[in-house]
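The values are calculated or read from the model by the stated rules, or taken from the named source; none is laboratory data. No experiment lies behind these values; they were computed from the predicted model shown. Here Cβ is always computed from backbone atoms with ideal geometry, including for glycine, and neighbour counts include all displayed protein chains. Accessible surface areas use protein heavy atoms only, side chains included; no ligands, DNA or RNA. Shrake-Rupley method; radii C 1.70, N 1.55, O 1.52, S 1.80 Å.
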Amino acid sequence: DAEEYQPPIWKSYLYQLQQEAPRPKRIICPREVENRPKYYGREFHGIISREQADEILAGVEGAYILRESQRQPGCYTLALRFGNQTLNYRLFYDGKHFVGEKRFESIHDLVTDGLITLYIETKASEYISKMTTNPIYEHIGYATLLREKVSRRLSRTKNESRKASVTSEENTPVEKITSLVRRAALTQNDNHFNYEKAHNFKVHTFRGPHWCEYCANFMWGLIAQGVRCSDCGLNVHKQCSKYVPNDCQPDLKRIKRVYCCDLTTLVKAHNTQRPMVVDSCIREIEARGLKSEGLYRVSGFTEHIEDVKMAFDRDGDKADISASIYPDINIIAGALKLYFRDLPIPVITYDTYSKFIEAAKICNPDERLEAIHEVLMLLPAAHYETLRYLMIHLKKVTLHEKENFMNAENLGIVFGPTLMRPPEDSTLATLNDMRYQKLIVQILIENEDVLF
């Protein structure tokens, strides 16, 4: 129950320091400055020296002015009083104001954030350097009370559409769980296909006070205080993100589509062994298309293939690709090939591409097979499982070669460029490698029982 939920004990020391940080004090120029940039206000004092700026700001902690450089006209400097000294920063403007990575709508916000950062880093540098040594991430005992409840809810909805479960249970007490608790519950109770996945962290601006879900410390500053995983919603300091394990549990609410989505992200979000697109299409093809002449070589209508893609993006595993909707099996085969082509990281990953090509160049068949097997072991688990399942299917296709005229070599020609692409977008490299791409897929099909 919501009443039973005990939130973690957030560490408030850095929050208290932020509250104590000096407040910005704008020192207005008493005279009208000619040629003042339109994006600066009356805090701009024109061309003055560092010494003059120091005199203007003397004794007023948090005071600031803007000035134009004497030595480099057209270059602007923020002069800021902190720690009983005047600090000078080269100031830039590109629609927003910045001195480093962070960009601000106003000079006032830039100075406010800068003072907070300077104050906290001055007062708590040793504390900050040790923040990651005893993270709450590794001691999530506060999740225990809700794990049983979450487990029951997840198992109840396991075979239903995840989108439907998210909508129908949006207002339950379980929604009050942090992403950390939700992930812990998923990991321990419902994630049977526990593929490793790195978090997809992106710099994020948090509105209102926010705490790091790794170290439990306050995320200080006005903007870009930390990073958020765009797949699971985990919020952490940028420095803490380096220590978070590769245990991302993507949240379906954050996965907006099926095609063009990272393979591991998709299977973890849906808690499936392979992408549901692969399972659905292969099931349909094996049910009614194995004897279809030119299977995978003959193209279906592009607009119909796009319709199938949209159906998966919209309906997930509920997408209807039956014969009553798409009687031409080549449309389903085309949709499957399109899924593989649209992957941001191919099934045979960029990291392993060159190793597969080198293995294909080995002349001795036994040594070549052994080399390919070794490289297969380097694939991420979800990629390996998807490739294994596809090769089993393509082997079945070759068993009907007399009817469909598709042997392992023909399928290699079709699937080589679909399953593997060179890391650099080079037409020449692609052309040079095409015969090896074909050979790799051909060998995988012919030896799927040995290699997998």
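The listed residues are 283, 297, 274, and the only one of them that is assigned to a helix (DSSP H, G or I), in the same structural domain as residue 318 (by the TED database), open to solvent by 10 Å² or more (accessible area, probe 1.4 Å) and of a type in the set (Lys, Arg) turns out to be 283. From the list 372, 413, the one residue that fits, being in contact with a Leu (Cβ under 8 Å, 6 or more places away or on another chain) and either touching a residue at least 24 places away in the same chain (Cβ under 8 Å) or among the small types (Gly, Ala, Ser) (or both), is 372. When each of 232, 212, 240 is tested for being more than 29 Å from residue 107 (Cα to Cα) and at pLDDT 85 or above, the lone residue that passes is 232.
I'd like to verify a number: residues in the stretch 405-438 that are in contact with a helix residue (DSSP H, G or I) (Cβ under 7 Å, 6 or more places away or on another chain), open to solvent by less than 40 Å² (accessible area, probe 1.4 Å) and of a type in the set (A, V, I, L, M), how many? Result for the stretch 405-438: 5. Could we say that residue 62 is surrounded by 14 or more Cβ atoms within 10 Å (Cβ to Cβ), not hydrophobic (A, V, I, L, M, F, W, C) and not assigned by the TED database to the domain that holds residue 209 here? Yes. Each residue in the stretch 423-452 was checked for being touching a Phe, Trp or Tyr at 6+ places or on another chain (Cβ under 6 Å) and modelled with pLDDT under 95, and 1 pass.
Selection within the stretch 361-404: residues that are among the polar types (S, T, N, Q) and more than 24 Å from the chain's Cα centre (by Cα). The member of this set that is least open to solvent (accessible area, probe 1.4 Å) is 404. The residues of the stretch 336-386 that are within 28 Å of residue 285 (Cβ to Cβ), β-branched (Val, Ile, Thr) and in a helix (DSSP H, G or I), listed by number, are 352, 372, 375, 386.
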